[in-house]
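Below: one structure, written as structure tokens.
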Amino acid sequence: MTRVLVINSGSSSLKLQILDTAVEKELAWALVERIGDPVGSLTVRRSEWTGSSAQSRSAEAEFADHTAALGLVLELAAELRVHPTDLGVEAIGHRVVHGGPAFHEPVLVTPEVEADIEELELLAPLHNPANLRGIRVARELLPGLPHVAVFDTGFFHTLPAAAHTYAIDAETAQRWHLRRYGFHGTSHEFVSRRTADVLGRPYDELNQIVLHLGNGASASAIEAGRAVDTSMGLTPLEGLVMGTRPGDLDPGLIIHLIRDRGMAPEDVSTLLNRRSGLEGLAGARDFRELLAGVDDDDEAATLAYDVVIHRLRRYIGGYWAVLGRVDAITFTAGVGENVARLRADALATLGDWGVQIDPEANENGSGERLISTPDSRVKVLVVPTDEELAIARACDVVLGLGPAD
């Protein structure tokens, strides 16, 4: 087991965390926001798990690019004695959203791997360029350490052909690698394994539905430890209703907007990625703001919430039919972990299927917990996700420092 720096690079942000995988503790954390803006913000925090008292440093400045941002992070980290060299970091793990057809497992980053990730930018234009930028900056500023790329799509490589195949011309699909890849895979794998641990059941014997509900949202069906279906597809646009993305919609709508209504493809992309979902329906991408509108009888907020619940029920029911038997349903991510009303409403129609929610357990408590009644045939859980820890563990495996399972 080792100490790993995990980097999640966005188009205008950097999230960093140093973890000790032996004790599964965070040693240091940093966040840079608004990279490229006139004024950005940066915070570096040292955890008490370093053996010293918790401390933090913050700054506001113009970060022209990711190199400048990471440079200042490392400078402040050195002041707090949590620079990667101070903490004995042995590897750097990078989140990469799209692995395409080539990457099914975490890999050691080489120039060839960088080039392959760059080729995948057409499949994830909002994510992979930013992920790759973080890799290149980190390799430049921290060149003496191994860098490992961990792919969001990897866990869903096991989808059977019936689940990942689009019913379009087969030659076209094969030529351009058009299939359903799925995303949030690191989270779905981590949470499904933790669910088995919480229940004290063998992972490879459980049939599970995992609901990762945040600003981005996805569902998965996991049969005996193997992903057999998931809601996101070629891109993260498909599936559940999200903060700014619509999830499932008729592709004819896109054709109509471009061909018949004169919208430019880039404007349609902006509509579907930035101005849809909760933002498009109710002008409130934050779920807390949406619920406040529901409580105030705001019609747009109420409709948006109803659409979210309806879509969730459709996916849960569909995955139940795919699996045949469901042992556990688990909620995770910001909304899934914190919005009791959504959990209760999403499962409210499943009493005859053996799902019984304990209202008190659902409304109260925090962290990993069962929220179903003792006599519920299907166990319902809340399990906080930890994608950074999952990425750090993946680094252990790639470097031969930890178990493969």
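Tabulated data for the structure shown
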{"quantity": "Single residue of Leu323, Leu381, Leu399 found to be open to solvent by 40 Å² or more (accessible area, probe 1.4 Å), in contact with an Asp or Glu (Cβ under 9 Å, 6 or more places away or on another chain) and in contact (Cβ under 8 Å) with a residue 12 or more places away in the chain", "calculated": "Leu399"}
{"quantity": "Wholly within region 314-405, helices (runs of 4 or more DSSP H) carrying at least 2 residues that are of a type in the set (A, V, I, L, M)", "calculated": "333-338, 340-346, 387-398"}
{"quantity": "Odd one out for Arg343 among (1) charged (D, E, K, R); (2) free of Cβ contacts under 8 Å to residues at least 24 places away in the same chain; (3) open to solvent by less than 40 Å² (accessible area, probe 1.4 Å)", "calculated": "(2)"}
{"quantity": "Answer residue from region 388-405, given it is of a type in the set (A, V, I, L, M) and within 23 Å of the chain's Cα centre (by Cα) and is modelled with the lowest pLDDT among those", "calculated": "Ala404"}
{"quantity": "Region 64-88, residues that are in a loop (DSSP other than H, G, I, E, B) and out of contact with any Ser or Thr (no Cβ under 9 Å at 6 or more places or on another chain)", "calculated": "Ala64, Asp65, His83, Pro84, Thr85"}
{"quantity": "Check on Val335, surrounded by 15 or more Cβ atoms within 10 Å (Cβ to Cβ), farther than 21 Å from Arg311 by Cα and not small (Gly, Ala, Ser)", "calculated": "no"}
{"quantity": "When residues of region 309-320 are limited to those that are out of contact with any helix residue (DSSP H, G or I) (no Cβ under 6 Å at 6 or more places or on another chain) and among the hydrophobic types (A, V, I, L, M, F, W, C), the one surrounded by the most Cβ atoms within 10 Å (Cβ to Cβ)", "calculated": "Ile316"}
{"quantity": "Pair list, Cβ under 9 Å, 6 or more apart: region 59-79 residue among the small types (Gly, Ala, Ser), other residue assigned to a helix (DSSP H, G or I)", "calculated": "Ala59/Leu72; Ala59/Leu76; Ala61/Ala68; Ala61/Leu72; Ala69/Val137; Gly71/Val137; Gly71/Leu141"}
{"quantity": "Selection from region 251-281 of residues that are more than 26 Å from Gly100 (Cβ to Cβ) and in a loop (DSSP other than H, G, I, E, B)", "calculated": "Arg261, Gly262, Met263, Ala264, Arg275"}
{"quantity": "Of all residues in region 1-43 being under 14 Å from Ile391 (Cα atoms) and among the polar types (S, T, N, Q), the one that is modelled with the highest pLDDT", "calculated": "Gln17"}
{"quantity": "Search result, residues across region 26-66 that are open to solvent by 70 Å² or more (accessible area, probe 1.4 Å) and touching a helix residue (DSSP H, G or I) at 6+ places or on another chain (Cβ under 6 Å)", "calculated": "Arg57"}
{"quantity": "Residue within region 3-18 that is in contact (Cβ under 8 Å) with a residue 24 or more places away in the chain, closer than 20 Å to Glu114 by Cα, touching a Pro at 6+ places or on another chain (Cβ under 7 Å) and not hydroxyl-bearing (Ser, Thr, Tyr) present", "calculated": "yes"}
{"quantity": "Single unsatisfied condition, Ala284 versus (1) assigned to a helix (DSSP H, G or I); (2) open to solvent by less than 50 Å² (accessible area, probe 1.4 Å); (3) among the hydrophobic types (A, V, I, L, M, F, W, C)", "calculated": "(1)"}
{"quantity": "Region 154-170 - residue that is touching a strand residue (DSSP E or B) at 6+ places or on another chain (Cβ under 8 Å) and among the aromatic types (Phe, Trp, Tyr) and, of those, least open to solvent (accessible area, probe 1.4 Å)", "calculated": "Phe156"}
{"quantity": "Meets criteria (under 22 Å from the mean Cα position of the chain (by Cα) and either open to solvent by less than 40 Å² (accessible area, probe 1.4 Å) or of a type outside the set (Phe, Trp, Tyr) (or both)) for Glu118", "calculated": "yes"}
{"quantity": "Where a residue in region 85-100 is over 12 Å from Asn131 (Cβ atoms) and its partner, wherever it lies, is open to solvent by 40 Å² or more (accessible area, probe 1.4 Å) and in a strand (DSSP E or B), with Cβ under 8 Å and at least six apart", "calculated": "Leu87/Arg3; Gly88/Arg3; Val89/Arg3; Glu90/Arg3"}
{"quantity": "Residue tally, condition of a type in the set (A, V, I, L, M) and crowded, with 23+ Cβ neighbours inside 10 Å, over region 202-252", "calculated": "13"}
{"quantity": "One residue from Thr230, Thr244, Thr235 being in contact with a Gly (Cβ under 6 Å, 6 or more places away or on another chain) and within 18 Å of Gly99 (Cβ to Cβ)", "calculated": "Thr230"}
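One line per residue, one yes/no per condition, for (1) of a type in the set (A, V, I, L, M, F, W, C); (2) closer than 25 Å to Gly277 by Cβ:
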{"residue": "Asp306", "(1), (2)": "no, yes"}
{"residue": "Arg313", "(1), (2)": "no, yes"}
{"residue": "Ile316", "(1), (2)": "yes, yes"}
{"residue": "Gly324", "(1), (2)": "no, no"}
{"residue": "Glu337", "(1), (2)": "no, yes"}
{"residue": "Asp358", "(1), (2)": "no, no"}
{"residue": "Glu368", "(1), (2)": "no, no"}
{"residue": "Glu387", "(1), (2)": "no, yes"}
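The values are calculated or read from the model by the stated rules, or taken from the named source; none is laboratory data. All values reported here derive from a predicted model rather than from experimental measurement. All Cβ positions, even for glycine, are placed from backbone atoms using ideal geometry, and neighbour counts span all protein chains on display. Surface areas here come from the heavy atoms of the whole protein model, side chains and all, with no ligands, DNA or RNA. Shrake-Rupley method; radii C 1.70, N 1.55, O 1.52, S 1.80 Å.
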